[in-house]
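None of the figures in this text is laboratory data; all of them are computed from the coordinates on show. Here the structure is a predicted model, which is why all the values come from computation and not from measurement. Cβ atoms come from the backbone with ideal geometry, glycine included; neighbour counts cover every protein chain shown.
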Amino acid sequence: MRTFEAKTSIDLFDLLIDLARQHDLISKPEAAGFRKASAVLKQGHSAGSHVGEEAVLELGTLLTDRWGGPEVGAVLALKTDLTRLGILGELILQSETPQAVFYQMARFNRLLNQRSAFELTTTPYRLTMTHTHARVGPNFSRAAQFGTIWALANVALIPEHVFGAAVRPASAHFDFAAPANLEPIHKVFGSSILFKQPAAAVSFDRARLKDVRKAISPSVCRALEVAAERGLDDVPALDGLADRVRHHLGEHMAGSIASESSVAAFLGMSVRTLQRRFSDEGTSFRREVDAVRAETARRLLGDRRISLSEIAFRLGYGELAAFNHAARRWFGTSPGALRRTKKAVPENET
């Protein structure tokens, strides 16, 4: 029976070393030194170690400096060997349509790098892959930009690399300033590119992808998914799971609360795994939702321009009475009374 290997961030480090060497961005001695460091990392840490992610950030900073800008991520993506990405690469290559590929990338990206995540959103006319990256210190800001361009470039090239279809994204957005050299960016992403946007994402016209597909083996795909799900169970959390869930809930709280299943899918794990990890941290999904609502309520109550009804709506309550009841449980008083005392404003705000 065929077995499938779950690659890790250290394997991604190896792939980037080889791509950098192909483009003469590092010398042979430097490549040898990086490979030696990679071997040490593999011996000294578990498959899901985050040490490899730190190495990727350091290498990304070096490559950005050597090339002269983060657009080198697009240059390297043009030569990506998807077979080097383990189960995720196999799933990409065994997917029937680009949308299926994007779904697998969003679901299992954590196998390669927990510092970044994809979210797939669809409309009748567009498929959009949004990329997020965990906050890094100032020393790694260039590496984060490199990583965003690299990740989205691999998404942009899926129709060509996997299906042989010359389809580029309809648009590409980046959440940082434009690099000086845009030629590699345009080569990968096309002409419709914007920088300094709220989020980094690429969008495809669904009509152009309608006939892009290939024959697959459903049984192989299912075996790969099972192996990938097992691999995710072995990946340790980059930060506390509760912190990551609270951040996601807060970012998407606008009149409704994300469901437990949608949060699990965003994190690339099953609902059962999400529940187990919450239990390991001594909490639950319901408790974290409640905590985010309380924190958001306290912040919004400090802004007298926002009505109590509007706050209730933003928190996902259908009736003001439900919000009043929750506020009394959280703060020991009603929202109106809390607002009048001005205790809603955190101490570090004026």
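On the basis of being in contact with a helix residue (DSSP H, G or I) (Cβ under 8 Å, 6 or more places away or on another chain) and not β-branched (Val, Ile, Thr), does Arg230 make the cut?
Details: in contact with a helix residue (DSSP H, G or I) (Cβ under 8 Å, 6 or more places away or on another chain): no; not β-branched (Val, Ile, Thr): yes.
For Arg230, the condition - in contact with a helix residue (DSSP H, G or I) (Cβ under 8 Å, 6 or more places away or on another chain) and not β-branched (Val, Ile, Thr) - is not met.
I'd like the full set of residues that are more than 17 Å from Ala201 (Cβ to Cβ), surrounded by 19 or more Cβ atoms within 10 Å (Cβ to Cβ) and of a type in the set (A, V, I, L, M, F, W, C), limited to region 83-126.
The answer is Leu85, Ile87, Leu88, Leu91, Ile92, Phe108, Leu111, Leu112.
With the requirement that a residue be of a type in the set (Gly, Ala, Ser) and under 20 Å from the mean Cα position of the chain (by Cα), what does region 178-209 give you? I'd like the intermediate steps shown before the answer.
Restricting attention to region 178-209, the residues satisfying the condition of being of a type in the set (Gly, Ala, Ser) are 178, 180, 190-192, 199-201, 203, 207.
Within region 178-209, Ala199, Ala200, Ala201, Ser203 meet the criteria.
Report those helices (runs of 4 or more DSSP H) wholly inside region 270-337 carrying at least 1 residues which are touching a helix residue (DSSP H, G or I) at 6+ places or on another chain (Cβ under 9 Å) and touching a residue at least 60 places away in the same chain (Cβ under 8 Å).
Here the list reads 308-314.
Going by the structure shown, is Ser279 surrounded by fewer than 16 Cβ atoms within 10 Å (Cβ to Cβ) and either more than 23 Å from Phe108 (Cα to Cα) or in contact with a Phe, Trp or Tyr (Cβ under 8 Å, 6 or more places away or on another chain) (or both)? Working first, answer last.
Working: surrounded by fewer than 16 Cβ atoms within 10 Å (Cβ to Cβ): yes; either more than 23 Å from Phe108 (Cα to Cα) or in contact with a Phe, Trp or Tyr (Cβ under 8 Å, 6 or more places away or on another chain) (or both): no.
For Ser279, the condition - surrounded by fewer than 16 Cβ atoms within 10 Å (Cβ to Cβ) and either more than 23 Å from Phe108 (Cα to Cα) or in contact with a Phe, Trp or Tyr (Cβ under 8 Å, 6 or more places away or on another chain) (or both) - is not met.
Exactly one of (1) over 30 Å from Thr61 (Cα atoms); (2) surrounded by 19 or more Cβ atoms within 10 Å (Cβ to Cβ) is unmet by Ala166. Its number?
Here Ala166 meets the rest and fails (2).
I'm trying to understand the selection: among the residues of region 19-28, which are of a type in the set (D, E, K, R) and surrounded by 17 or more Cβ atoms within 10 Å (Cβ to Cβ)? Please lay out each step first, then the result.
Initially, region 19-28 is screened for residues of a type in the set (D, E, K, R), giving 21, 24, 28.
Listed by number, the list holds a single entry, Arg21.
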